[in-house]
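Let me begin by presenting the structure, written as structure tokens, before commenting on it.
The values are calculated or read from the model by the stated rules, or taken from the named source; none is laboratory data. All values derive from a computational prediction rather than experimental measurement. As a convention, Cβ positions derive from the backbone with ideal geometry for all residues, glycine included, and neighbour counts pool all protein chains shown. Each accessible area value is taken on the protein alone, full model and side chains, heavy atoms only, with ligands, DNA and RNA left out. Shrake-Rupley method; radii C 1.70, N 1.55, O 1.52, S 1.80 Å.
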Amino acid sequence: MKSILVTGGAGFVGSHTCKALAAAGYCPVTFDNLSQGHESAVQWGPLEIGDILDHDRLGDVFAAHDPEAVIHFAGSAYVGESVIDPGKYYRNNVTGSLTLIETMLKAGVNRLVFSSSCATYGIPDTLPILETCEQKPINPYGYSKLVVERIMRDFGRSHSLQSIALRYFNAAGSDPDGDIGEDHDPETHLIPLTLDAASGGTPLTIFGDDYDTPDGTCIRDYIHVTDLAEAHVRALNAIDDHDGFEVFNLGTSLGHSILEVIDMVNTVTGLKVCYETGARRPGDPASLVADPSKAQNQLQWRPRLSGLEDIIRTAWSWRQSVQDTES
């Protein structure tokens with residue numbers, strides 16, 4: 001069985017991708033420092049605990065497992081925190097990724113799929129967003145992802161690195177089988193926060209209701225995490241079809257406003273979301289929606305579970321199962 005090293009494989013998207021890799025006949029080897037991930041989410045292959053900043057530890061893992069490729073999720077991923085502590089983001093995301101790439105090439109591994117982000121686009125000039133749109137990130141998190149993309153492109157020219165960056169939009173939902181789900185600490189994603197508010201937790205804060213959108217709230221392109229996981233496997237299988245560096249958007253081309261999400265949570269749960277309206281957050285675009293046609297055409301990838309009701313239903317089901325286990 002072919003081994004694939006999955007950095008950050010104990011995290012949200014990483015663990016779902018490990019499940020998809022196992023279903024596709026691969027052995028996912030999770031490399032994670034468990035600062036944000038969960039050991040319980042590592043269910044489909046071995047876990048190696050370590051940090052991508054640790055060249056020697058990475059080298060030992062490459063020697064032990066001889067992976068044929070790397071899927072890279074590890075890094076810091078809170079936009080607000082990146083503004084407060086940019087050094088953490090350039091250190092973990094940029095220096096960590098560079099350390100990983102240099103270590104994998106030293107081990108004779110030259111195939112890489114990278115978890116990038118629509119945050120590299122900043123505030124887009126046109127919608128939906130194509131891969132050719134200008135990248136103008138507005139926070140250190142987005143800049144750090146863009147720098148890693150440039151490293152990948154440059155190493156493709158100088159060191160024959162074969163790499164694909166997947167710029168995805170709003171990852172959401174949970175494994176339909178209930179094996180794993182979304183569990184961040186702190187939680188900043190809209191759907192789990194909305195489910196928490198519906199369950200009697202802290203009321204949801206809507207940051208601005210005066211945007212130039214149909215209902216005044218921000219619109220985002222939500223993509224089910226299982227669909228994202230499948231896209232990573234498809235990118236891995238297609239990596240040799242591309243020369244050097246390639247990039248794909250992962251989204252649905254459909255956007256949903258915050259109020260639409262709240263309404264769907266009310267419908268799915270049968271509960272009532274309590275929310276309040278606050279001031280806009282600086283730099284929040286009114287709308288972010290992907291044009292995923294390139295991934296659909298070249299990777300033969302189609303989202304199957306990314307309807308808003310499916311996303312919220314799977315997230316709610318997983319949340320209830322966790323609560324039942326803890327009670």
Original post:
Roughly speaking, to the nearest percent, how much of the chain's 1.4 Å accessible area is carbon and sulfur?
Top reply: 49 percent
Original post:
Hey, could you pull the Cα Rg and Dmax for region 63-134, both in Å?
Top reply: 15.3, 47
**OP:** Among DSSP beta bridges whose residues both lie in the chain, state the antiparallel percentage, nearest 5.
**Re:** 5 percent
Original post:
Using alpha carbon centroids, what distance separates region 50-109 and region 144-215, in Å?
Top reply: 19 Å
Original post:
Taking the radius of gyration and the Kirkwood hydrodynamic radius from Cα positions alone, what is the Rg/Rh ratio for region 9-127, to two decimal places?
Top reply: 0.98
**OP:** Before anything else, pin down the relative contact order of region 25-151: Cα pairs under 8 Å, at least 6 apart, normalised by residue count, whole percent.
**Re:** 25 percent
**OP:** Might you tell me the accessible area per residue for region 78-179, computed with a 1.4 Å probe and given in Å²?
**Re:** 42 Å²
**OP:** Please sort 22-31, 49-58 by packing, taking for each peptide the average over its residues of neighbouring beta carbons within 10 angstrom, highest first.
**Re:** 22-31, 49-58
Original post:
Just T120, T277, T314 to compare: in a GNM of the chain, with alpha carbon springs under 10 Å, which one fluctuates most?
Top reply: T277
**OP:** Determine the sum of side-chain charges near L204: Lys and Arg each +1, Asp and Glu each -1, restricted to other residues whose C-beta is under 9 angstrom from that of L204.
**Re:** -2
Subject >> Rg(Cα) / (2.2 N^0.38 Å) computed for region 136-235, rounded to two decimals >> reply: 1.39
Original post:
Using Cα pairs under 8 angstrom and six or more residues apart, how large is the relative contact order of the chain, in percent?
Top reply: 18 percent
Subject >> Estimated Rh, region 247-317: Kirkwood, alpha-carbon pairs, angstrom >> reply: 14.4 Å
Original post:
Taking the Cβ-Cβ separation of R153 and N237 as r and a Förster radius of 25 Å, what is the calculated FRET efficiency to the nearest 0.05?
Top reply: 0.75
**OP:** Grab every C-alpha pair in region 186-327, bin the distances at 10 angstrom width from 0 up to the longest one, and report whole percents.
**Re:** 11, 35, 31, 18, 5, 0
**OP:** Please compute the net charge surrounding P192, taking Lys and Arg as +1 and Asp and Glu as -1 over other residues with Cβ under 15 Å from its Cβ.
**Re:** -3
Original post:
Using r as the Cβ-Cβ distance of K88 and Q43, and R0 as 35 Å, what FRET efficiency do you calculate, to the nearest 0.05?
Top reply: 0.75
**OP:** Using a Förster distance of 45 angstrom, determine the FRET efficiency expected from the C-beta separation of R281 and M1, and round it to 0.05.
**Re:** 0.50
Original post:
In the chain, how many lysine pairs have Cα atoms under 23 Å apart, counting only pairs 8 or more places apart or on different chains?
Top reply: 8
Original post:
Angle between the Cα long axis of helix 140-159 and the longest principal axis of the chain, 0 to 90 degrees, nearest 10?
Top reply: 30 degrees
Original post:
Given H placed 1.01 Å from N in the peptide plane, which residues other than close sequence neighbours of A165 have an amide H under 5 Å from its amide H?
Top reply: F114, E246, V247, F248
